[in-house]
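Read the structure below first, then the notes.
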Amino acid sequence: MSGRYSMKFLIGVLLTASAGFTSRLIAQELQTNPAIQENVVTDDAGNCQASTSGSPQVSADPQGPSPSKTTSDSSAAQDRTVSKIDSPQPKISPDDHSEQQTKRILWIIPNYRSVSADTHLPPLSSKEKFWLATQDSFDYSNFIYQGMLAGVAMAGKSEPSFGQGASGYGNYFAHTFADGTIENYMVEAVVPTLTKEDPRYYTLGHGGFFKRTGYAMSRLLITRKDSGDRTFNLSEVIGAGAASGISNTYYSADTNVWVKTYQRWLNQLVQDAASNIAKEFWPDINRALFRNKF
């Protein structure tokens with residue numbers, strides 16, 4: 001009998017020591033890996049019980065979880081999984097913003113006046129209109145653009161009195177830059193402020209080539225008011241004509257002044273028409289050829 005009690009006592013001591021050792025191991029693991037704390041539960045006696053990640057926690061109820069509760073939990077988990085699979089996921093396409101206008105075309109031509117397709121913007125204040133004209137006139141890209149126009153004019157000898165060579169090119173550049181700057185301020189700032197018109201170009205962005213080309217050219221005669229209504233483009237027609245008249249003050253009067261005035265006026269309108277066409281199709285060209293690198 002004494003041997004039997006001694007054996008029972010020894011087994012009890014071993015079980016107690018084993019339980020204490022296991023509890024200390026779990027406590028150390030909790031300290032080193034806090035994420036496991038979410039999968040650890042305690043029983044009524046305060047002992048720790050670890051459950052594996054992703055498995056349901058074991059209830060302390062001696063009768064165990066009811067079958068209906070287990071079935072309900074499994075159904076809810078399955079419904080959540082199916083809901084995540086069936087729910088439409090947002091499609092992220094690299095072309096989501098491919099139709100946006102950029103500040104410059106090919107890093108050279110100023111493009112500050114362009115508004116991307118299907119974009120609604122608040123009206124510009126008078127100060128903002130003058131700032132828009134300033135950006136278009138004195139941006140570094142405009143110096144390059146006007147330099148290109150001056151080179152074309154010198155090659156065509158449009159003003160023989162300017163001569164050729166470096167000196168001649170300087171004359172062409174100075175006059176071309178003055179023409180463009182005055183026209184920018186008249187078309188984008190002065191006249192739009194007086195007539196309450198919006199000097200920006202609103203891209204159509206959809207339709208066939210001829211439709212969009214016709215739309216771009218028609219913006220020479222049609223524009224928006226600050227209120228958003230359509231109106232005759234007084235800013236373009238009168239502004240470009242006034243700029244051509246002002247230029248007579250620094251051009252030579254050795255030829256028919258009126259002829260030169262009309263020529264410069266028509267030249268400005270043609271440039272603006274070509275500019276509108278370039279602005280209209282630039283987002284498509286940028287996407288198709290350059291993958292929106294500009």
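Per-structure values
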read-out: Close pairs (6 angstrom Cβ cut-off, 6 or more residues apart or separate chains): over 20 Å from residue 233 (Cβ atoms) in the range 255-282, open to solvent by less than 60 Å² (accessible area, probe 1.4 Å) and in a helix (DSSP H, G or I) anywhere; value: 257/248
read-out: Hey, residue 190 of a type in the set (Val, Ile, Thr) and open to solvent by 40 Å² or more (accessible area, probe 1.4 Å) or not; value: yes
read-out: Options 132, 121: the member that is touching a helix residue (DSSP H, G or I) at 6+ places or on another chain (Cβ under 6 Å) and either part of a helix (DSSP H, G or I) or open to solvent by 60 Å² or more (accessible area, probe 1.4 Å) (or both); value: 132
read-out: Filter result (more than 11 Å from residue 198 (Cα to Cα) and touching a residue at least 60 places away in the same chain (Cβ under 8 Å)) within the range 223-243; value: 243
read-out: Residue list for the range 236-261, restricted to those being in a helix (DSSP H, G or I) and over 29 Å from residue 129 (Cα atoms); value: 257, 258, 259
read-out: Residue within the range 269-290 that is in a loop (DSSP other than H, G, I, E, B) and either surrounded by 14 or more Cβ atoms within 10 Å (Cβ to Cβ) or acidic (Asp, Glu) (or both) present; value: no
read-out: Of all residues in the range 147-170 being of a type in the set (Ser, Thr, Tyr) and either outside any helix (DSSP H, G or I) or in contact (Cβ under 8 Å) with a residue 60 or more places away in the chain (or both), the one that is nearest to residue 271 (Cα to Cα); value: 158
read-out: The lone exception for residue 173 - which of (1) within 27 Å of the chain's Cα centre (by Cα); (2) not in a loop (DSSP other than H, G, I, E, B) it fails; value: (1)
read-out: Enumeration of residues in the range 135-158 that are of a type in the set (A, V, I, L, M, F, W, C) and open to solvent by 20 Å² or more (accessible area, probe 1.4 Å); value: 138, 143, 144, 148, 149, 152, 153, 154, 155
read-out: Some residue of the range 224-245 being closer than 30 Å to residue 107 by Cβ, in contact with a Lys or Arg (Cβ under 7 Å, 6 or more places away or on another chain) and open to solvent by 40 Å² or more (accessible area, probe 1.4 Å); value: yes
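The values are calculated or read from the model by the stated rules, or taken from the named source; none is laboratory data. Since this is a predicted model, take the numbers as computed values, not measurements. Every residue, glycine among them, receives a Cβ derived from its backbone with ideal geometry; neighbour counts consider all protein chains shown. Each accessible area value is taken on the protein alone, full model and side chains, heavy atoms only, with ligands, DNA and RNA left out. Shrake-Rupley method; radii C 1.70, N 1.55, O 1.52, S 1.80 Å.
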